[in-house]
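Note sheet for the following structure.
The values are calculated or read from the model by the stated rules, or taken from the named source; none is laboratory data. Bear in mind the structure is a predicted one, so any value in this text is a computation, not a measurement. A quick note on method: Cβ atoms are made from the backbone with ideal geometry, for glycine too, and the neighbour counts reach across all protein chains shown. Areas reflect the complete protein model, heavy atoms only, side chains present, ligands, DNA and RNA absent. Shrake-Rupley method; radii C 1.70, N 1.55, O 1.52, S 1.80 Å.
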Amino acid sequence: MFDLIVIIRVPESTDIDPVADALSRMRPLCLAEDGCVSWEAYQSHQEPSRFVLVECWASRAHWEAHDAGDAIQKIYIPEIMPRIEREVHPSRRVHSRHEAVAG
């Protein structure tokens, strides 16, 4: 599995709603892609200009292939990228000791 966390900040308040709308339109496209296990976008209640994407892919190769898909090429790059600042974090889930021992 390849897990990814993307932290997004929208500097201009007028861009918050268009970014939220674009992210919501990306979800079904991402979930339909080969190797997408889960894809969720969250918006902060306290800071509506902050979003977090939580993605899980079958492999890093699947995530890299995702760059060529419609979600990225037709929505993320043209509609979202010009409006945001972001941090991309390939990540791993933290397991409890019990999970690690149990397998």
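Applying the criterion of being open to solvent by 50 Å² or more (accessible area, probe 1.4 Å) and without any contact (Cβ under 8 Å) to a residue 60 or more places away in the chain to the residues of region 53-65, the residue that is nearest to ILE80 (Cα to Cα) is VAL54. Just one of (1) in a loop (DSSP other than H, G, I, E, B); (2) over 16 Å from PHE2 (Cβ atoms) fails for GLN73. It is (1).
Can you find even one residue in region 68-84 that is under 12 Å from the mean Cα position of the chain (by Cα), surrounded by 14 or more Cβ atoms within 10 Å (Cβ to Cβ) and of a type in the set (Gly, Ala, Ser)? So far as region 68-84 goes, yes, one or more of its residues are under 12 Å from the mean Cα position of the chain (by Cα), surrounded by 14 or more Cβ atoms within 10 Å (Cβ to Cβ) and of a type in the set (Gly, Ala, Ser).
Any residue in region 32-44 that is open to solvent by 90 Å² or more (accessible area, probe 1.4 Å), part of a strand (DSSP E or B) and not aliphatic (A, V, I, L, M)? Yes.
Show the residue pairs that are 6+ apart or on different chains and have beta-carbon atoms under 6 Å apart, the first residue being within region 9-28 and within 12 Å of MET81 (Cβ to Cβ), the second being modelled with pLDDT under 95 and open to solvent by less than 60 Å² (accessible area, probe 1.4 Å). Hits for this filter: zero, empty list. Residues considered: GLU87, GLU79, GLU47, GLU64. Of these, the only one that is in a strand (DSSP E or B) and of a type in the set (Asp, Glu) is GLU87. Here is the figure for region 1-31: residues that are part of a helix (DSSP H, G or I) and either open to solvent by 40 Å² or more (accessible area, probe 1.4 Å) or at pLDDT below 95 (or both) total 11.
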